[in-house]
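Every number here is computed from the coordinates shown, using simple stated rules; none is lab data. On a predicted model such as this, the values are computed, not experimentally measured, just so you know. Cβ atoms come from the backbone with ideal geometry, glycine included; neighbour counts cover every protein chain shown.
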């Protein structure tokens, strides 16, 4: 079932959130979970102690209104309290306190859907929050309470009860309204009669999917939160037990469809990358469940909590850069003005703060270090003053405690390479920057348009690249409505018209939205470095053509090498193809300096020029040290444009119009492959955080060498690191540099001081049900370590190995060799008879256990083995 949050209800909820009410846009509370003390082996039913329910209810209430110990003297908390009070007063003033047909006149039409009902509950929750929150002048106001209860009774009697039939979008009825109603009921619990409590919880229980046990991902966890709180309100141990027992399966990795996968990918709507949208809701709901149950008779086990911590490390931490949540895993949410990247990142911080209050000390310390790092590093958006949806008074107070705690040391930004191959995403974290790539394949959709959102996301999954550095507002502040959506960084495209929305008029599908036909999309990981590639065969849409290209990115310590080959299109004839090297948002005046081979280009808006016979470019940054270098091996011709663009957020919807217009300046650098190319190529090196002088020096003495850039293989060597990356595009034996592969593969190697040699191998197609055979022009003494899926068949005169990639799901498999000191040293080949097993034979056969016993001499041959 697709979770279609309607635009109207969403805008109402988020508007109130930004006013400081702490109302999440989709589900209540704050984010991910972990357990405190381990609970009993089996949670009790209704025999649980009665005071446990009251404890849990009070804990939930405290998470909404900040609790009795809220520091109302704190400046930021006082500012939020003023916002809560001001909003509640405004809503109270405009409500009908004796409703006959509606509570608010602008929310009267409930004939076809539940949007107005959901929005009514949103407003009642905002008023209840002011009534419940210590420090607000409306705290405990009896007249306010009576007017809220009168409205609740009327809505329950006429619009939302245990006999109501849902109409329109299912989301309001099963997720949106329960989200608000449960919180209202908790905050008013001491003021409600048993009859009212019964009526409200009966409505909550009425809208529970009958097959909830089969649901996965964010929708499932949202419903479970509502049911858990309903069980607390009804003091039903059986209900709480049922919810608690449904949580562990949601912590397990899935192998298909919605939910988290083993590599940290989160997919929703079957095939859309959504870690920081639907995955954020998943984190939010589970964190509230785990916090609520922590220390209770229904607590999760330490084993289940451990799974959650692993998901945080793999599926969230690498995707937040100094407080900003990366857009490549936010799906259609990139089109929401009030939910931009720092808002998404702050929601993750809020979730982790929730978990940290109940996590075991070791895990809590790691979470707090993350929080302190992100909040302190985010100079673009103030965590406390922004009014972000998830930053409730409770979260604000919790984060302030963490930031003030001298025992908590901010952890440094992580360094590493993260191949989210299940969702066709790559994130490379290096010192001072992060680089990310969004790809697509027959497994993963290129983009999603739904509910009138993200109608211009045509190329966001066709190899778009993101560079994060100290320019923390690069993808915020109206990047998306103003950037040229047909010229996104990293993409190779046909120059042609695109349609905003679906030309056939389908409201839930965009122009060219879908899964392309290519299977090659993925990459390998070796330590902190990685190779990524995409056989681009884009979904055409209404006016699509036959474009295809082979694209690679090789990511090292301080540079990213981009290669492209076999770029061609045959129909329709007459189309020009280009690759976008850069489309960077500039400063407010658009005056960032562009330097080409040492010559400064004009800063005049609208400047454009064909740049020829040069080797390097430098683009000045928005904050000093965030300038970027571009090196073009062998020289290049690039079209430069200082582009001034105006747009509104409504432009990103299929049928939207109006709204404020914003203007941004961009530097666009493109490589023109001509009309109807048949075998075009490109190569360039991205050099983050380099000055013009540093870029010039790199161009004089580049650290990299391009070994191959053909239709069969891409290969690059980073000479200072001894690291080489290869992307093999065909199932024919192909050689580049020292490596030969007989199958499509992504490979990374590293040689250290002529002493050791490491290799990582990956099947980027996820279609190979057998073996990748590799031969390396090196000779080794022994195998030092290796994955069980790797069989070494020879060490000399070349290294040969076979990698079993059947059902590998995009994993990289690694091995490490001790190299021979000189060419004269040749270990015994595999299969040679000997009277006793030699160390080299043992290495060749890849038996890594110290308890290894060799087979009989007559059976000492190593061949690729099928995995059983």
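Distances longer than 19 Å among the Cα atoms of segment 584-658: what percent of all pairs is that?
45 percent
May I have the extent of the alpha carbons of segment 730-819 along their three principal axes, as whole Å values ordered from largest to smallest?
35, 24, 20
Sketch the reach of a paramagnetic label on residue 89 as a point 7 Å from Cα along Cα-to-Cβ, and name the residues of segment 384-422 whose backbone nitrogen lies under 17 Å away.
none
Rounded to the nearest 0.05, what FRET efficiency is calculated for residue 385 and residue 798 with R0 set to 51 Å and r the Cβ-Cβ distance? Before the final figure, lay out each step's value.
Details: r = 62 Å, r/R0 = 1.22.
Efficiency at R0 = 51 Å is approximately 0.25.
Quote the FRET efficiency, to the nearest 0.05, computed for residue 255 versus residue 818 with a Förster distance R0 of 56 Å and r equal to the Cβ-Cβ distance.
Plugging the Cβ-Cβ distance into 1/(1 + (r/R0)^6) gives 0.95.
So what does log10 I(q)/I(0) come out to for segment 397-541 at q = 0.11, 0.13, 0.14, 0.18 Å⁻¹, using the Debye formula with one equal point on every Cα and no solvent?
-0.53, -0.69, -0.77, -1.08
Given that compact globular proteins tend to follow 2.2 N^0.38 Å, what is the ratio of the alpha-carbon Rg of segment 416-715 to that value?
Relative to the rule-of-thumb radius for its length, segment 416-715 sits at 0.95.
How would you order 585-594, 268-277 from highest to lowest mean count of nearby Cβ atoms within 10 Å?
268-277, 585-594
Between segment 691-770 and segment 215-233, how far is it from one alpha carbon centroid to the other, in angstrom?
Cα centroid to Cα centroid, the span is 47 Å.
Taking the mean number of other Cβ atoms within 10 Å as a proxy for protection, how do you rank 207-217, 245-255, 760-770, 278-288 from highest to lowest?
Numbers: 207-217: 14.5, 245-255: 16.6, 760-770: 22.7, 278-288: 30.0.
Order by mean packing, descending: 278-288, 760-770, 245-255, 207-217.
Measure nothing fancy, just the Cα-based angle from helix 75-94's long axis to the longest principal axis of the chain, in degrees from 0 to 90, nearest 10.
Approximately 50 degrees, to the nearest 10.
Need the C-alpha centroid separation for segment 583-662 versus segment 419-469, integer Å.
Result: 21 Å between the Cα centres.
Using a basic spin-label model with each label point 7 Å from the Cα along Cα→Cβ, how many nm lie between residue 495 and residue 71?
5.9 nm
How would you rank 431-437, 90-96, highest first, on the average number of other Cβ atoms within 10 Å across their residues?
431-437, 90-96
Give the average over all directions of the projected area of the C-alpha convex hull of segment 503-631, one decimal, in nm².
Result: 12.1 nm².
Which FRET efficiency value, to the nearest 0.05, is calculated for residue 587 and residue 733 with the Förster distance at 51 angstrom and r the Cβ-Cβ distance?
Details: r = 51 Å, r/R0 = 1.01.
The computed FRET efficiency comes out at 0.50.
When N is the residue count of the chain, what does its C-alpha Rg come to as a fraction of 2.2 N^0.38 Å?
Relative to the rule-of-thumb radius for its length, the chain sits at 1.01.
Residue 55 to residue 607: extension gain in nm, 0.36 nm per residue of separation minus the Cα-Cα distance?
Here the segment from residue 55 to residue 607 would lengthen by 192.2 nm.
Using 0.36 nm per residue of separation minus the Cα-Cα distance, give me the extension gain between residue 166 and residue 202 in nm, one decimal.
11.5 nm
Can you give the angle from 0 to 90° between the axis of helix 217-233 and the longest principal axis of the chain, with both taken from C-alpha atoms, to the nearest 10?
30 degrees
Measure off 7 Å from each Cα along the Cα-to-Cβ vector at residue 112 and residue 753, then give the distance between these two points in nanometres to one decimal.
7.4 nm
Rounding to the nearest 10 and keeping the result within 0 to 90°, find how far the Cα-based axis of helix 7-16 lies from the longest principal axis of the chain.
Approximately 70 degrees, to the nearest 10.
If you average the sequence gap of Cα pairs under 8 Å that are 6 or more apart and divide by the length of the chain, what percent do you get for the contact order?
Taking the mean separation of contacting Cα pairs over the length of the chain, I get 10 percent.
Tell me the Rg and the Dmax, in Å, that the Cα atoms of segment 248-315 produce.
For segment 248-315, the Cα-based Rg and Dmax read 12.1, 38 Å.
Please compute the length gained on full extension between residue 214 and residue 235, using 0.36 nm multiplied by the number of residues separating them and subtracting their Cα-Cα distance.
Values: separation 21, 0.36 × 21 = 7.56 nm, distance 2.56 nm.
That works out to 5.0 nm of additional length.
Please list the three semi-axes, largest first and in whole Å, of the ellipsoid equivalent to segment 57-207, using sqrt of 5 times the eigenvalues of its alpha carbon gyration tensor.
Values: eigenvalues 138, 55, 40 Å².
Equivalent ellipsoid of segment 57-207: 26, 17, 14 Å, largest first.
With N set to the number of residues, divide the alpha-carbon radius of gyration of segment 240-414 by 2.2 N^0.38 Å and report two decimals.
This ratio for segment 240-414 stands at 0.99.
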